[in-house]
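*Asks:* For reference, the structure I am asking about is given below.
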Amino acid sequence: MENPKLSAWQMFNLLFMYIIGTSFILLPGSLIADAKQYGWMIGVWSFVYGIALAGFWLYLSSRFPGLSIVQIAVQVLGKWAGGLVSLLYILFFIQIASWVTRNLSDFMHINLMPKTPLSVFNILILFVCAYAVIKGIESIAMVSEFLAPFVILVFWLSFGVMVQEWDWQNFRFPYTFRPIETFIHTRYALAFPYMEVVSFMMLFPFSTRRLKLSVFSGIAFSGILFSLSVFFTIGILGVERSSHLIYPIFIIFREMEFTNFAEHLESIFSVNTLLIVCIKLSILFYCAVLGICQLFQLKERAVVAFPLIWIISAYSLLFESIVDNVDWIQKYLFQYYLHYAVAFPALLIVCSWFRKKKPSQGREPSA
């Protein structure tokens, strides 16, 4: 197995690309539908929640420096119980990778190549990600480091062009804001994407320095950009139209017109989406492969990576359509992610406290 080193800047970029990944294409429409003109506020409070969760995970990681969540579970809970928790985390990484694969395949199939089967997208994308995983997390980090400035520049320059369509009347939609009710109804924005960041507990041991700064700033920066993108979407398309679109930001790019010369610039958004989501998928793929290698003490990632292509591809086809996928996210995702983002880490922290107290209690009588 490799022993990579990730700088604070690389960790920041990995987190940024991971969080904005599929959230930029899937979440804005749902948030605007549920919170109307206040959808951008949900983005703000959800990334604050994400920062609090990250502090929770960093605390657990600091108690076991140099160990991933899979290794921590085995050390704290023992071979069998810890192995079961580790296996559940590996399955969790595979599940998220499958959903990300399906999200990207649906986006490409619906908007760009409707006659191409989903399985073709799945396999082609996963082969590229498997190659990245075999090359190692440092290679993925360097690619994200190279792509992040380009993604931000192109995305926001394009949004700037569409400011000419801005209408402040879009924020006067007749809707009574009930904070508690709205926040409960949009709790899926906490799970997706911020609870998914628990996957980075596989990468924390590779950080060389300033881990807390890079994690907190990466989550905050991503959350602010996401909230701004929802805010811009409302101002440009309006609440009524945005709430009925699956990919409202894609529609903004499709309708963009620059000096009557450059039109239909959705290809820019599509390329950006493909690059960002492939980085996120590569990170999840790497976490799953690394977890399997650590749990079963395997040295060759290729032996694990290529069979996983078929498993992830098959799992991604379980949803019948994008509508079914979005409905599942809104109804069940938060409750499901709570186990991995909160319950298991809390269990490991509590058990680690008791394991450290027992030896000291045993020495007191002899003293």
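The values are calculated or read from the model by the stated rules, or taken from the named source; none is laboratory data. This structure is a prediction, so every number in the text was calculated from the model and none was measured. Virtual Cβ from ideal backbone geometry, glycine too; neighbours counted across all protein chains shown. Ligands, DNA and RNA are stripped out before the accessible areas are found, and what is left, the full protein with its side chains, is counted by its heavy atoms. Shrake-Rupley method; radii C 1.70, N 1.55, O 1.52, S 1.80 Å.
*Asks:* With respect to Gly83, is the statement that it is at pLDDT 95 or above and open to solvent by 10 Å² or more (accessible area, probe 1.4 Å) true?
*Replies:* On the way: at pLDDT 95 or above: yes; open to solvent by 10 Å² or more (accessible area, probe 1.4 Å): yes.
Yes; evaluated as a whole, the condition is true for this residue.
*Asks:* Residue by residue through the range 35-44, note down the ones that are under 21 Å from the mean Cα position of the chain (by Cα) and not hydrophobic (A, V, I, L, M, F, W, C).
*Replies:* Step one: of the range 35-44, the residues under 21 Å from the mean Cα position of the chain (by Cα) are 39-44.
Residues satisfying the conditions are Gly39, Gly43.
*Asks:* Given the residues Ser98, Ser7, which is the only one that is in contact (Cβ under 8 Å) with a residue 24 or more places away in the chain, open to solvent by less than 20 Å² (accessible area, probe 1.4 Å) and of a type in the set (S, T, N, Q)? Before you say what the answer is, go through the steps one by one.
*Replies:* Values: Ser7 fails: open to solvent by less than 20 Å² (accessible area, probe 1.4 Å).
Exactly one of Ser98, Ser7 is in contact (Cβ under 8 Å) with a residue 24 or more places away in the chain, open to solvent by less than 20 Å² (accessible area, probe 1.4 Å) and of a type in the set (S, T, N, Q), namely Ser98.
*Asks:* May I pose another question? Please determine whether any residue of the range 134-148 is basic (Lys, Arg) and closer than 30 Å to Ala302 by Cβ. Before the answer, list the steps.
*Replies:* Quick first cut of the range 134-148, residues basic (Lys, Arg) only: 135.
Narrowing further to those that are closer than 30 Å to Ala302 by Cβ: 135.
Yes, that holds for at least one residue.
*Asks:* Scan the range 186-196 and give yes if some residue there is over 13 Å from the mean Cα position of the chain (by Cα), without any contact (Cβ under 8 Å) to a residue 12 or more places away in the chain and more than 27 Å from Ala8 (Cβ to Cβ), otherwise no.
*Replies:* The answer is no, given that none of the residues of the range 186-196 is over 13 Å from the mean Cα position of the chain (by Cα), without any contact (Cβ under 8 Å) to a residue 12 or more places away in the chain and more than 27 Å from Ala8 (Cβ to Cβ).
*Asks:* Between Ser199, Ser267, Ser217, which is buried (at least 21 other Cβ atoms within 10 Å of the Cβ) and in a helix (DSSP H, G or I)? Reasoning before the result, please.
*Replies:* Details: Ser267 fails: buried (at least 21 other Cβ atoms within 10 Å of the Cβ); Ser217 fails: buried (at least 21 other Cβ atoms within 10 Å of the Cβ).
Unique residue meeting the criteria: Ser199.
*Asks:* Evaluate the range 130-137: report whether one residue or more is at positive phi and not in a helix (DSSP H, G or I).
*Replies:* Keep residues of the range 130-137 that are at positive phi, which gives 136.
Of the ones still in play, those that are also not in a helix (DSSP H, G or I) are 136.
Checking the range 130-137: at least one residue is at positive phi and not in a helix (DSSP H, G or I).
*Asks:* Follow-up. Output yes when any residue across the range 107-129 is outside any loop (DSSP other than H, G, I, E, B), of a type in the set (A, V, I, L, M, F, W, C), free of Cβ contacts under 8 Å to residues at least 40 places away in the same chain and touching a His at 6+ places or on another chain (Cβ under 8 Å), and no when none is.
*Replies:* Filtering the range 107-129 for residues outside any loop (DSSP other than H, G, I, E, B) gives 107-111, 118-129.
Within this subset, residues satisfying the condition of being of a type in the set (A, V, I, L, M, F, W, C) are 107-108, 110, 118, 120-121, 123-129.
Next, only the ones that are free of Cβ contacts under 8 Å to residues at least 40 places away in the same chain stay: 120-121, 124.
Right, trim to touching a His at 6+ places or on another chain (Cβ under 8 Å) and you get 121.
Yes: one or more hits.
*Asks:* Scan the range 45-63 and give yes if some residue there is without any contact (Cβ under 8 Å) to a residue 40 or more places away in the chain and over 21 Å from the mean Cα position of the chain (by Cα), otherwise no. Steps first, please.
*Replies:* Looking only at the range 45-63, we keep the residues that are without any contact (Cβ under 8 Å) to a residue 40 or more places away in the chain, and these are 52, 62.
Next, only the ones that are over 21 Å from the mean Cα position of the chain (by Cα) stay: 62.
Scanning the range 45-63 turns up at least one residue that is without any contact (Cβ under 8 Å) to a residue 40 or more places away in the chain and over 21 Å from the mean Cα position of the chain (by Cα).
*Asks:* Let me ask something additional. If you go through the range 77-85 one residue at a time, do you hit one that is touching a Gly at 6+ places or on another chain (Cβ under 7 Å) and touching a residue at least 40 places away in the same chain (Cβ under 8 Å)? Spell out the reasoning first.
*Replies:* In the first step, residues of the range 77-85 are kept if they are touching a Gly at 6+ places or on another chain (Cβ under 7 Å); the result is none.
No, there is no match, as no residue in the range 77-85 is touching a Gly at 6+ places or on another chain (Cβ under 7 Å) and touching a residue at least 40 places away in the same chain (Cβ under 8 Å).
*Asks:* Please indicate, with yes or no, whether at least one residue in the range 229-239 is open to solvent by 10 Å² or more (accessible area, probe 1.4 Å), of a type in the set (Phe, Trp, Tyr) and under 17 Å from Phe159 (Cα atoms). Steps first, please.
*Replies:* Start the filter on the range 229-239 by keeping residues that are open to solvent by 10 Å² or more (accessible area, probe 1.4 Å), which leaves 231-232, 236-237.
Then keep just the ones that are of a type in the set (Phe, Trp, Tyr); that gives 231-232.
Cutting the leftovers down to under 17 Å from Phe159 (Cα atoms) gives us 231-232.
For the range 229-239, residues open to solvent by 10 Å² or more (accessible area, probe 1.4 Å), of a type in the set (Phe, Trp, Tyr) and under 17 Å from Phe159 (Cα atoms): present.
*Asks:* Any residue that is within 14 Å of the chain's Cα centre (by Cα) and surrounded by fewer than 23 Cβ atoms within 10 Å (Cβ to Cβ) - is there at least one of those in the range 72-80?
*Replies:* So in the range 72-80, the residues within 14 Å of the chain's Cα centre (by Cα) come out as none.
No, that holds for no residue.
*Asks:* Follow-up. What is the number of the single condition among (1) open to solvent by 60 Å² or more (accessible area, probe 1.4 Å); (2) out of contact with any helix residue (DSSP H, G or I) (no Cβ under 9 Å at 6 or more places or on another chain) that Ala343 does not meet?
*Replies:* The single condition Ala343 does not satisfy is (1).
*Asks:* Tally up the residues in the range 151-175 that are within 18 Å of Ser242 (Cα to Cα), in a helix (DSSP H, G or I) and open to solvent by 60 Å² or more (accessible area, probe 1.4 Å), please.
*Replies:* Total satisfying the criteria: 5.
*Asks:* Among the candidates Glu255, Glu240, which residue alone is of a type in the set (Asp, Glu) and farther than 21 Å from Val323 by Cα?
*Replies:* Numbers: Glu240 fails: farther than 21 Å from Val323 by Cα.
Going through Glu255, Glu240 in turn, the sole match is Glu255.
*Asks:* Checking Ala52 against (1) crowded, with 24+ Cβ neighbours inside 10 Å; (2) at pLDDT 95 or above, only one condition comes out false. Which one?
*Replies:* Here Ala52 meets the rest and fails (1).
*Asks:* Among the residues of the range 132-150, write down those that are surrounded by 20 or more Cβ atoms within 10 Å (Cβ to Cβ) and among the hydroxyl-bearing types (Ser, Thr, Tyr). Reasoning before the result, please.
*Replies:* Step one: filter the range 132-150 for residues surrounded by 20 or more Cβ atoms within 10 Å (Cβ to Cβ), giving 132-133, 137, 140-141, 144, 148.
Correct list: Ser144 only.
*Asks:* I would also like to ask the following. Among the residues of the range 202-214 satisfying the criterion of being open to solvent by less than 50 Å² (accessible area, probe 1.4 Å) and assigned to a helix (DSSP H, G or I), which is farthest from Met256 (Cα to Cα)? Steps first, answer last, please.
*Replies:* Residues of the range 202-214 that are open to solvent by less than 50 Å² (accessible area, probe 1.4 Å), as a first pass: 202-207, 211, 214.
Checking the rest, the ones that are also assigned to a helix (DSSP H, G or I) come to 202, 204-206, 211, 214.
Details: Met202: 40, Phe204: 40, Pro205: 44, Phe206: 42, Leu211: 39, Ser214: 35 Å.
Filtering the range 202-214 for residues that are open to solvent by less than 50 Å² (accessible area, probe 1.4 Å) and assigned to a helix (DSSP H, G or I), the one farthest from Met256 (Cα to Cα) comes out as Pro205.
*Asks:* Another question about this same structure. Could you check, for the range 276-292, whether at least one of its residues is modelled with pLDDT of 90 or more and open to solvent by 70 Å² or more (accessible area, probe 1.4 Å)? Spell out the reasoning first.
*Replies:* Within the range 276-292, the subset modelled with pLDDT of 90 or more is 276-292.
Imposing the further condition that a residue be open to solvent by 70 Å² or more (accessible area, probe 1.4 Å) reduces the set to none.
No: the range 276-292 contains no residue that is modelled with pLDDT of 90 or more and open to solvent by 70 Å² or more (accessible area, probe 1.4 Å).
*Asks:* Okay, moving on. Where residues in the range 312-335 are charged (D, E, K, R) and assigned to a helix (DSSP H, G or I), which of them is most open to solvent (accessible area, probe 1.4 Å)? Steps first, please.
*Replies:* First, pick out the residues of the range 312-335 that are charged (D, E, K, R): 320, 324, 327, 331.
From what's left, assigned to a helix (DSSP H, G or I): 324, 327, 331.
Values: Asp324: 61, Asp327: 59, Lys331: 103 Å².
Residue satisfying both the conditions and the ranking: Lys331.
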